Each structure stands twice: as C-alpha cells, then as structure tokens.
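The values are calculated or read from the model by the stated rules, or taken from the named source; none is laboratory data. Predicted, not measured: the structure shown is a model, and the values here were computed from it. Using ideal geometry, Cβ is built from the backbone for each residue, glycine included, and neighbour counts are taken over all protein chains shown. These area figures cover heavy atoms from the full protein model, side chains too; ligands, DNA and RNA do not enter into them. Shrake-Rupley method; radii C 1.70, N 1.55, O 1.52, S 1.80 Å.
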Amino acid sequence: PDEDKSAASDNASAASSQAAVDKASKNYDLQFVQGVQGDEFYITMQCGIEEEARKLGVTVHTQGPTKFDPTLQKPIVDSVVSAKPDALLVAPTDVKAMQGPLNQAKAAGVKVVLVDTTVDDPSVAVSAIASDNLGGGKAAFEAIQKLAPQGGKVLAMGVTPGISTTDLRAKGFEDAVKADSKFKYVGIQYSNNDPATASQLISAALQKDPDIVGVFALNLFSAEGTATGIKQSGKSGKIQVVGFDAGPNQVAALRAGTVQALIAQQPAEIGKFGVDAAVASLDGGQVTAKVQTGFTILTKDNIDGDGAKAIYKS
Ligand code: T6T
C-alpha cells in the first residue's frame with residue numbers, strides 16, 4: 001500500500017509536467033507499435049492512447065507483432081518509419097535488437113516515445129514511460145513473505161532474457177529474496193511468453209524441488225501458465241503464486257485461488273503519458289525524459305472493491 005501511494009503521487013507530478021496541452025497545434029500522425037498483439041496489457045494501453053489522442057486532436061494507428069519477438073517487431077517498425085509519421089510510440093521487445101531500428105526512426109526525424117519497455121540507449125527517445133518494474137519485483141517478494149511467513153524456496157517464472165521490464169522485475173525480486181535469510185532463490189525459468197511452456201516448466205521445477213513455497217510469475221502469460229501447471233500438480237493454494245499484470249484470466253485465477261496476488265500496472269496511463277510526450281515534443285513544449293507509473297497489489301480482499309479499477313481491458 002505504501003508503494004501505491006508514492007507511485008500515485010509520481011503519476012500526479014508526471015501528469016502536471018507533461019499534460020499541460022489541451023489540444024495539439026495540428027492533427028499529428030502518431031503510430032503505436034505494441035510489444036505483441038492480443039495482450040490485454042497493450043490493449044488497455046491502446047485504449048489510453050486512443051482516448052488521449054482524441055482529446056488532443058491527433059490521429060493514432062496501432063500495430064503489433066503476432067509474438068513478443070524482435071525479429072517480428074523490427075519489420076513493423078521499419079515499415080512504419082518509412083512512412084514518416086510524426087511520432088512513434090513503441091514497446092521494444094528487446095533491449096539490443098530494437099536499438100538499431102529506433103536509431104533509424106530518430107535519424108528519419110520521427111519523435112520516438114518508449115512506452116513500457118526500453119532499449120540499451122534510451123536517449124533515442126524524447127521520453128520513456130514505464131512502471132516501477134524493479135520496485136514491482138520487490139513488492140512481489142513482499143507479497144510472498146506475507147503469504148508464506150515461514151520462508152522456503154522461491155522461483156521466478158520469466159519471459160525471455162533481454163526484455164527490459166521483466167529483467168528488472170526479476171532483479172527486484174531476486175535482490176529482495178537474497179536479503180531475507182528465511183528464503184532461498186532457486187532461480188528463473190524462461191517461458192518465452194507461452195503459457196503452455198510456463199506450465200511445463202513449473203511442473204518440472206516442482207518435481208525437482210517439491211518444497212517450493214512461492215512463485216513470482218513475471219507477466220500475463222507466464223502467470224497464466226504457472227497457475228495451470230500448479231493446478232495440474234494438485235498444489236493450488238499450497239504454493240503461493242504472485243503474478244505481474246491483471247488481465248481477465250489472471251483475475252479469474254485470483255478468484256479461483258490458483259493465484260494469490262497480482263501486481264497490476266497502469267497501462268492506460270502509460271499510453272496517455274506517451275501521447276502527451278509525443279505532442280509536447282512535436283509542439284516544442286516541455287517533455288519529461290523519464291516518467292514512472294505505479295502499480296496496485298490485488299488480492300481476494302480488494303479485487304471486488306477498490307482493486308476492480310485496476311483490471312485490464314480485453
Ligand atoms: O507485463 C506486460 C509488459 O509490461 C511487459 O513488458 C511484457 O508483458 C506484458 O505485456 C504482459 O503480458
């Protein structure tokens with residue numbers, strides 16, 4: 001709850017420093033390239049982007065690769081850039097592989113805004129807007145500490161190395177686990193953003209270490225697969241599962257008791273601030289280089305109350 005408050009005040013200051021504009025000076029052409037299509041996190045971000053674009057009087061088009069994969073995202077970015085939009089809002093799928101395409105966008109005069117993920121050299125962008133992913137990883141461990149106060153082995157179910165957001169979540173989690181001698185970090189497994197892979201990996205991990213007490217699943221799809229695998233192993237409720245993100249499936253898992261806590265990001269706000277940054281930059285206004293948005297921790301206790309606001313759209 002403390003994190004929530006400070007994060008909320010970060011948002012307020014970001015909003016006041018960046019959204020001073022009521023209308024853009026002209027109908028700019030904005031392009032949004034998602035990390036992957038069909039992911040409720042990016043769908044909700046798209047809603048926030050479209051709403052703000054309407055408000056400011058600019059046009060936005062959205063595209064995304066069919067998988068969270070830079071070899072599929074790069075050609076989309078290249079083709080978007082060749083049409084010379086005014087701005088590109090983008091969630092790069094890899095810190096290294098997407099640097100070159102974004103450098104080219106900048107060189108072509110396109111204002112780049114990073115939404116959610118980033119690249120090794122974020123100075124390619126006029127602004128980078130993301131959740132407190134490091135803090136989110138730490139909060140995930142704190143949730144496990146509360147749910148399993150006796151301590152024990154914990155595992156991280158990751159996505160793919162090289163994604164800025166999930167790498168930071170893993171680091172925040174690992175550092176926090178290692179600072180508590182009651183817990184033992186048994187490492188990270190990479191599910192490649194595929195629920196079926198996450199399910200197989202968690203089943204295998206539980207065979208190897210049947211005494212695992214908690215799992216932190218780093219995004220929507222890794223959480224979905226983790227919940228399924230634990231359920232199939234007959235251990236739902238015995239192992240504490242904390243997932244990042246709060247799509248409808250994750251909320252259903254929370255209600256069913258296959259997941260105990262969710263860390264909900266604010267994708268619509270990330271998108272809104274992204275549009276504000278693009279327009280401010282195009283109109284020569286003040287642009288904040290780095291904006292951090294907050295998160296809400298959802299449990300069975302708040303999901304039907306205050307927490308309901310944080311559920312992603314599908
Ligand atoms: O967790 C989000 C996003 O922040 C991350 O960069 C990739 O995975 C999600 O889109 C959820 O699937």
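Listing for the model above:
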read-out: Antiparallel content of DSSP bridges confined to the chain, in %, to 5; value: 5
read-out: Rounded tilt (10° steps) of 164-178 against the dominant C-alpha axis of the chain; value: 30
read-out: Nearest 10 degrees, 0 to 90: helix 133-147 Cα axis against the chain principal axis; value: 20
read-out: Convex hull projection area averaged over all views, the stretch 154-203, Cα basis, nm²; value: 3.4
read-out: Overall Cα dimensions of the stretch 89-218 - principal axes, largest extent first, Å; value: 55, 28, 16
read-out: Most mobile of ARG169, ARG54, ARG255 in a GNM of the chain (Cα contacts under 10 Å); value: ARG54
read-out: Solvent-accessible heavy-atom area per residue, rounded to whole Å², over the stretch 179-221 at 1.4 Å; value: 47
read-out: Centroid-to-centroid separation of the stretch 225-270 and the stretch 92-112 [C-alpha atoms, Å]; value: 33
read-out: Given charges at Cβ of Lys, Arg, Asp, Glu: the chain dipole, positive-most of VAL115, ALA24, GLY214; value: GLY214
read-out: Shape category assigned to the stretch 221-314 from the gyration tensor of Cα positions, a/c cut at 1.5; value: prolate
read-out: Solution diffusion estimate, µm²/s, Stokes-Einstein, the chain, Kirkwood Rh from C-alpha pairs, 10 °C, viscosity 1.306 mPa s; value: 81
read-out: In degrees, nearest ten, helix 40-56 long axis to first principal axis of the chain (Cα); value: 30
